[in-house]
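So the structure is just underneath, and the comments pick up after that.
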Amino acid sequence: MKLQPFFITFFAAACLFAQEHSHTSSRAITFPDVPNYTTLKTDLHQHTVFSDGNVWPTIRVMEALRDNLDVISLTEHLEYQPHSADIPHPDRNRSFQLALEEAKNHDLLIVHGSEITRGAPMGHNNAIFIEDANKLLNEKAEPVFAEAKKQGGFIFWNHPAWYAQSPKGTPILSDFQKERIKNGELHGIEVINTGDYAEESLALALENNLTILGTSDIHGLIDWDYVEKGHDRPITLVFAKERSEAALKEALFAGRTVAVFNSLLVGKEENLMPLLKACILIEEARYIDKTSILKVTLKNVSSSDLIFENQMPYTFYSSSPVFTVPAEGTKTLQIKTLEEVQSLTLSLKALGAYIAPKEHPAVEWEIEIRVE
Ligand SMILES: [Zn+2]
Ligand SMILES: [Zn+2]
């Protein structure tokens, strides 16, 4: 998003290079697999000094390992290189190559990408899974999209609600984009970019059957821009048939994604429901002695706090009907079932999750109750 010069960053990058880099951290982003699919944690929109970012590509690899990501893409602005006086590398594939080399001995997929950068109404778009970024350099926009498609690219519309290009902060689907969608040259849309979730973008995704994405669009350091502020970077969870680039690509074209930013989860219903269901395990369910109050302990196996509202006919003892199961933590509910039951359908609305503008999914878990 940000197109600004910078001044302090080579010094910062140099300090980091001098240190041994660690791949273990307490801030690992974790999400469970869902039935039939592996959940890949991806950040497919990032910058380095090869466009207007502030770090060398190797740093992006190290950050991704610290965050426990499975896939990243470095998507340099093709047309905007504010550091070209100091880094006059003519090859637009260079950033990808350096990241690939750094990731060689690690369990991290690097996807080749570029950001096609224009003013409104075309705006910025990322093309990933490309073969040669140099061939995307063209003054006219239409041939760039055609070339990206020819290379097998998955193309998504970046930050459609960015106020620098859309002063009301709402995305406008122009004739240009309609034409690209019709031609099979636009496949996805960011509904979360940096810290901005635009529900208008979610509406566009659903109306035009575009894949839903969330990305960090990081220019500085993940630590400074997200972690120090108490956030995880925005990511896209991709539900792939296996952990490979081909499977990732198939899943992105098929639209099997959920965008995540902290406790906010945005996705199509068929993707979000199995994810939420897998995130919560029922650790224990039993009655308090001589009562019909059922204690149910929920364990959240994800790194996002999950916020729920009770949807059952039964009410709770000593707890609000709206509650949070903390990331990697537990929450014990006391459910007043009025008489002892052997099984129960736990029905909760996920208030931090959206399947459409202003619409939360209701998720159900079947619980067998332990008889003393
Ligand atoms: Zn951009
Ligand atoms: Zn960008």
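For the chain, build the convex hull from the C-alpha positions and give me its volume per residue in Å³.
Spelled out: Cα convex hull of the chain, divided by residues, is 146 Å³.
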In Å², rounded to a whole number, the accessible area per residue of the chain with probe 1.4 Å is 44
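Roughly speaking, what is the stretch gain from Glu366 to Thr332, that is 0.36 nm per residue apart minus the C-alpha to C-alpha distance, in nm to one decimal?
Working: separation 34, 0.36 × 34 = 12.24 nm, distance 1.62 nm.
My answer for the length gained is 10.6 nm.
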The summed charge of the Ala327 Cβ neighbourhood (under 10 Å; Lys/Arg +1, Asp/Glu -1) stands at -3
The alpha-carbon center of the stretch 49-85 and that of the stretch 138-166 are separated, in whole Å, by 19
Under the 7 Å Cα-to-Cβ spin-label approximation, Ile282 and Ser343 lie apart by a distance in nanometres of 0.9
From DSSP H assignment alone, runs of 4+ in the chain each adding -39500 (n - 2.57), the sum over residues rounded to the nearest 500 puts [θ] at 222 nm at -6000 deg cm²/dmol
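Can you say what percent of the DSSP beta bridges in the stretch 73-149, counting only those with both residues inside, are antiparallel? Round to 5.
On the way: 5 of 10 bridges.
In the stretch 73-149, approximately 50 percent of DSSP beta bridges are antiparallel ones.
Percent of accessible area on the stretch 279-368 owned by carbon and sulfur, 1.4 Å probe?
Working: 2030 of 4470 Å².
Exposed carbon and sulfur together represent 45 percent of the surface.
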Here the percent of antiparallel bridges among DSSP beta bridges lying wholly in the chain, to the nearest 5, is 75
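Which peptide among 261-269, 34-42, 280-288 comes first, and what is the full order, when sorted by highest mean count of other Cβ atoms within 10 Å?
On the way: 261-269: 21.9, 34-42: 18.7, 280-288: 15.2.
Output ranking for 261-269, 34-42, 280-288: 261-269, 34-42, 280-288.
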Env charge @ Arg256, Cβ radius under 11 Å, K,R +1 / D,E -1, value 0
For the pair Ser174 and Glu101, the simple spin-label estimate (label points 7 Å beyond Cα toward Cβ) gives in nm 3.8
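The values are calculated or read from the model by the stated rules, or taken from the named source; none is laboratory data. Everything numeric here is computed off the predicted structure, so don't read it as measured data. Ideal geometry is used to build each Cβ from the backbone, glycine not excepted, and the neighbour counts take in all protein chains shown. Areas reflect the complete protein model, heavy atoms only, side chains present, ligands, DNA and RNA absent. Shrake-Rupley method; radii C 1.70, N 1.55, O 1.52, S 1.80 Å.
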